[in-house]
Each structure stands twice: as structure tokens, then as C-alpha cells.
């Protein structure tokens, strides 16, 4: 940063030299890491210990900087403008006598906090520099170059409890009790089968006919087979009714179910 | 970082090396550091090149080698080059044992259970009870775990070997003898079995008495149940 | 420091270790071998696991550290772990081993320092101290270098993650612990590590105020004992 006098708000913008100087600084804004960094840099021009920095003066310096940026039509990032607004507010608070009705922090508190922030940032900068100045591994000191691999030997330990053992034995000795369930397909009439049958038969069903009469031969006597066939055919006629191919009726509960071909 | 120990005059000496070789002790330190950090053995020639002008690595190496005699690492010559290596008697430290606990497989548990309940028991008998072939690995594993061992051969055609459980087995499962294994009735009472009727003759625990049952006779008793 | 005195019967003693811990001198050799073989610091716990039963690595480490004082390599402590590293004054001999590290940006260096001195530290706190947003890349870079890692979440609204420095960080900068950071005491005495609350009504920066106890705890955990 140039040594131009930034606290001087009277800088003559018409002077080419001043303009150039201002531009140099403004262009430098890219080099600042945010408004706090800019404030820290500005505070150095006061050439005092950070603890004794005049926050009022600093606020003015900052506002001058922002105004110059405006004159030069340089866009500042939003956080620089937020800081400017806040510093303008702080500056007015610092200049005006304290409002007795305001129970918030005093202007002095706010100024002190800003000074603390600057001091802390400065301290962290110095700490970072000290850290980086330390001896570093791979630069000043070195680790072992020729390492030996530690062979990992995996020892597997198997465990089993008495319970595992007993359960295992019980499992074997009771295995014979289990007979896998096999579906007895001989006595099952599927809905698909029934649907196929009924499709072929409804052409003849001009009049109301009992559903029972449609059951296939050999399925009407044995109760198991009859139940299966009835259920399958009932499901099939519901499907056909849904498609609008037949009509279904039943006089009352448990009365015979009758079907007929839907009249065209 | 505690640099206190490092001789403070060392860096100065290093700077003086423009005019004179550093003292032998310093050369020794330098070689020690170079050999330590190098990924490969370093030749005498390279040491010469890396040490300050006028240094005599050969002489410093002799000192350094002596310094590491009897230590955990030693300075060894590898061809033309030098390197630090672990002392041979400490090679065992370069192993790291990790113990992994694993559950025994179902096949192994069932095989073990059959041997425990029916010992002495041949492979054919195990297979008959389990209804599947017993893999060699399963038996080997149980033998390796020292939970089963070979018993006396059965006096039947082919004289098949038998398996019995070991003391280790009893130890591991907290049993005084294999006879302490609970029978099926007790298993059921403990809720380990379905509470339904067992096939005939399966109600009780087979009385495995290894000593007496060594012969085929005792076995047939067991399996006819 | 002539080691001729090291007992040649050492290996036999090692065999006796089934019954008793090996003598301290032997433990020292063993640790020397283990640490020489590793580029990474080895934790006390791992040393304990790898040494024969009954050995006391802590005691042997004291002896070993003393033995290497002023040598070309030295024994350093990194957190709970130990490693041999070359003496820093000999760095100039190691151009061959020097690792070219990516140049860290100013933002990255400052962020690293803030985390190290304020850990555990949230992103909002870093941003408050630097007065500027922390870019994702900066944090990522530090994590990639394994110099910082995520710490415990802060118990404040939003439960923000915190960052702490790693053992790798300590190792890289030759620090025994985060307490040994340069100037830490002075900074603390000056109140510059306090998490001073912002006066109310401070414009436009409603930064999360870390809960005092949590912050205090973390700090004391890391630095004060």
C-alpha cells in the first residue's frame, strides 16, 4: 500500500497524481482479505500500538477509502459496504453525546470490540507466521526413509457356546419332523383355468343359468374339489362381469348365483 | 520442540565447513541422519557427495557402525551401500498379531455336537446323522481347535477311525464330561426344541459313554434309538 | 555412548520373557527397532501391544530419548505417539529427501493457525476472527493435508461442526502437543484467545456465540492439563 495520506478527506480528486495514488490503493482492494484486513492495514498508518488505535480516526479512514472507490466507480464487495455503514453509525455515536435512554452497548464498547477484533486478527497473523517458521517435516527434519512393513498376522479365534452346540444338535435330531409343505395341485382349480372355460361357455348362456351347472365334470362331488372349482368359477364370472360380457344375479344371501350372456 | 540437546555449535560448524571438514563426531551425526532418512541404502560415494567438503565418510561409518553394535538397529553394508536395519534377533517385533473372533460355522457346530453326543463316532456316522457329507475342512478345523481328536479305530470292516471330544473341548464348554451334555428332553424343557412330539425313541439323550462304547455294539445301540 | 557394553546375552533374555518382562535395556532395543521401522509415530499403546508382556515402554522411552540426545536422529513425542526424526540442524543435507509441498495460501495458513490456537473451532468463529468468509477449498485443503479434522459438534443451535488439528499437524510442525504452540501462553494471557462476546447491536454480524462451558471445556482439555 502506498503511503498516501488516507486520513485526509480533502484529497483533491482533480490532481492526477492523487487520482493515480487513489487508484493504486483501490486496485489493491483485491489484495485485502475482507474489511477487517483493510481496517488492520489502515490502522498501521496511525503508527501506534493497536491497543491505542483511534477507532474514530480509523472509521474516518475507512469511509474515505470507500468514498474514493465510489468516485472511481469501483465496485466493492457487499461486506465492505456493510462495514462502511456500520462504521458510519459508530462514528456518529462516538461523536454525539450518549443517549441516556439507550441501554444497549455504549459507543465506547463497540469501539473497544472493534479494536479487540483487530488485535486478535493481528495476533493470529503473527501466530501463523511463527507456526510456518517452525522446522517442518519433509523440509527441515525427516522421517525414516526405509521403513519396514509390519506384517500383520491375523489370528482367527473361533468360538462357539454350549448353547450353539445344543441348538445344533437339537436341529439335527428334530429335522425329520419337518416335512416341506407341497401344494396339492390335483385338487385345485385355478381362476385362470375357470376363466378359459367360461369364455368358451358364455356364448351358450342366453338365459339365466345357475353357476353350479358350469362346474366341470368330476369336480362336483368331492367337497374339496367342489369348493376349489366353485371359488375359481365365481372369481372368473366376476371378471367377465367386470368386462361387461355377462350379467350376474343372486336372489338373496346363499341363493344360487345365476349368470347369462349380456344382451347385445 | 526441544532442541536443547542438539549441540548448539553444530550449525556453526556446518557453516565453517566451507573452510574445513566438520569434526568426525559431526560427520557421524550427518551420516546417521542421511542413512536414516534415505529410502535406499546409500553408497560411500553418495555420502561423500552429500557431506561437506573434506569429510571422510568411511571413517565416520566405522564409528557409527560401532555405535549401533548391540542396539535394536544396526548399520549394515548392502553391496557398496550402507543402511540401517533391524537387529536380526528382533525381527519378531515386526509382526503384529491381530486376533479376530469368529463364530464357528453351522456345519462345524453340528459335526462337533454329533461327536460330543455320540462319541466315539466315525465320519460315516456323522454323515448319516447330518444327512450330508462332512467336509474334510470341517473335521480338520475341529482338530486344529483341539476340540476333537482321533479315538480308537472301530473294529468293523474298513476299521474306520473314530472321533472323540478332547479335554480342551470340555474346558471350553465348561463341562466336566461329555455325559453332562443335556439330553433332548432337557433341550426341549429349555425351549431349545419345538414343543411337539418327537419321533419315537428320541425323547431321551443318547447315553454316550465313550469308554464303554468304543466298540460297534455300543454304537448300534445309539443309532437304533 | 559406546554400546559395547550392551549385554550379548540379550536374545536369551528375550526367550525368558515368557516368564518375566525383558530387562529395561532390552526393552529399549526393542522400541528402538520398532520406531526405526516406522515412518509414522507409534503410539504408546501400540508399543505396549508389541512388546513382550510386562514391558514398560514409557520407562524405556525415557532412556531411549536420552540416548539419542544430540545425535543425527532423535526421538520425538507427537501427541501420544513416538517417532524418530532427523535433527533439524541437518536439514540442509537432505535436499534429496525434501518433499515439495504445495504453497499454502495466506487464507489457508491463517485458517490453520486460528484452528490450532482456538480449537475446537467452528467455521463461524474462523470467519469472525478473519472478518471474511472461509472458502470451502481452504478447509478442504487443510483436511486433505490431514492437518485438521472434524471435532465434536458444538452444542449450540444448529450444532455446528468444529475443527481441531491432528497428530499429523503436530508431527509436521514438530510439536509434542497443541499446548506447545508458539506464543500460546502469551496469547491466552492477553485475552486474545477468549471468545469475547460481541456487544449487542453490533452491526450486521449475528455470529453464533459459542456456549461458554463447551468452549472452555474444549480448551482446557486440549491445553491445560
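Nothing in this text is a laboratory measurement; each read-out follows from the coordinates by a stated rule. None of these values were measured; they are calculated from a predicted model. FYI the Cβ positions are ideal-geometry reconstructions off the backbone, even for glycines, and counts take in every protein chain you see.
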Among B:173, B:150, what is the fewest-to-most ranking by other Cβ atoms within 10 Å? B:150, B:173
Starting with the fewest neighbours, write out C:155, A:191 ranked by other beta-carbon atoms found within 10 Å of each beta-carbon. C:155, A:191
Using the basic label-point model (7 angstrom from Cα toward the beta carbon), what is the residue A:99 to residue A:154 distance in nanometres? 7.2
What FRET efficiency comes out for the pair residue B:98/residue A:162, r = Cβ-Cβ distance, R0 = 30 Å, nearest 0.05? 0.65
Please compute, for peptide C:69-78, the average count of beta-carbon atoms on other protein chains lying within 10 Å of each residue's beta-carbon. 6
Please arrange C:147, A:219, A:208 by how many other C-beta atoms lie within 10 Å of their C-beta, fewest to most. A:208, A:219, C:147
Rounded, prolate or oblate, given the Cα gyration tensor of the stretch A:47-101, with a/c below 1.5 counting as rounded? oblate
Calculated over the stretch C:21-60: convex hull of Cα atoms, volume per residue (Å³): 54
Which percent of Cα-Cα pairs in the stretch C:82-139 sits in each 10 Å bin, short to long? 19, 34, 24, 21, 1
